[in-house]
1. Residue pairs, Cβ under 6 Å, 6 or more apart or interchain, first in segment 117-140 and free of Cβ contacts under 8 Å to residues at least 60 places away in the same chain, second in a loop (DSSP other than H, G, I, E, B). List them.
2. Collect the residues in segment 78-90 that are crowded, with 17+ Cβ neighbours inside 10 Å and either within 16 Å of residue 48 (Cα to Cα) or not hydroxyl-bearing (Ser, Thr, Tyr) (or both), keeping them in residue-number order.
3. Among the numbered criteria (1) assigned to a helix (DSSP H, G or I); (2) surrounded by 12 or more Cβ atoms within 10 Å (Cβ to Cβ); (3) of a type in the set (A, V, I, L, M, F, W, C), which single criterion is violated by residue 105?
4. Scan segment 97-127 residue by residue and report those that are basic (Lys, Arg) and within 18 Å of the chain's Cα centre (by Cα).
5. Test of understanding: among 49, 41, 61, which residue is within 23 Å of the chain's Cα centre (by Cα), more than 23 Å from residue 92 (Cβ to Cβ) and at pLDDT 70 or above?
Amino acid sequence: MPMLRRTSALILSATFVATGGATAAQAQSSQTSSQASTQRATDKNKAIAKHMVAKRGWTKAQYRCLVRLWSRESGWNHRAGSGSGAYGIPQALPGHKMATKGRDWRTNPRTQIAWGLGYIKQRYGSPCRAWAHFQSHHWY
């Protein structure tokens, strides 16, 4: 019996050290909370885009193409960056080009989406055309 207690104490001690003082359950809870927060931000950014796409007169099909495109580009993360210097939800390269839509381009998903939709309209005409280009060239 004493051996069992000592083994359990060593396992708990190792878990405590490995998680930086948190128990395994606390570490899992923290990770789950972080994932939920990320998902809420993603959902919020998609909702902003859905409204802006509709305001432009684009269809639900165009919105679905946009969701696919930006899911591949940034995962809808408005703080996503790449080694090449691309930044934000639309992965503008360089990122500071989005400043034409607002000085808050680094942190405001609405500013990034507005810039991205304008870029898509000017360059491709629609999100589905941008998505088609992405599928064949792996960039847009």
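1. 133/140
2. Residues satisfying the conditions are 78, 80, 86, 88, 89, 90.
3. Of the numbered conditions (1) assigned to a helix (DSSP H, G or I); (2) surrounded by 12 or more Cβ atoms within 10 Å (Cβ to Cβ); (3) of a type in the set (A, V, I, L, M, F, W, C), the odd one out for residue 105 is (1).
4. 106, 110
5. Details: 49 fails: more than 23 Å from residue 92 (Cβ to Cβ); 41 fails: more than 23 Å from residue 92 (Cβ to Cβ).
Selected residue: 61, the only one of 49, 41, 61 that is within 23 Å of the chain's Cα centre (by Cα), more than 23 Å from residue 92 (Cβ to Cβ) and at pLDDT 70 or above.
Matching residues to (1) buried (at least 17 other Cβ atoms within 10 Å of the Cβ); (2) modelled with pLDDT of 90 or more; (3) under 18 Å from the mean Cα position of the chain (by Cα):
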{"site": "17", "(1), (2), (3)": "no, no, no"}
{"site": "23", "(1), (2), (3)": "no, no, no"}
{"site": "27", "(1), (2), (3)": "no, no, no"}
{"site": "33", "(1), (2), (3)": "no, no, yes"}
{"site": "65", "(1), (2), (3)": "yes, yes, yes"}
{"site": "92", "(1), (2), (3)": "yes, yes, yes"}
{"site": "95", "(1), (2), (3)": "yes, yes, yes"}
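The values are calculated or read from the model by the stated rules, or taken from the named source; none is laboratory data. This is a predicted model, so every value here is computed, not measured. With ideal geometry, Cβ positions are generated from the backbone for all residues, glycine too; neighbour counts draw on all protein chains shown.
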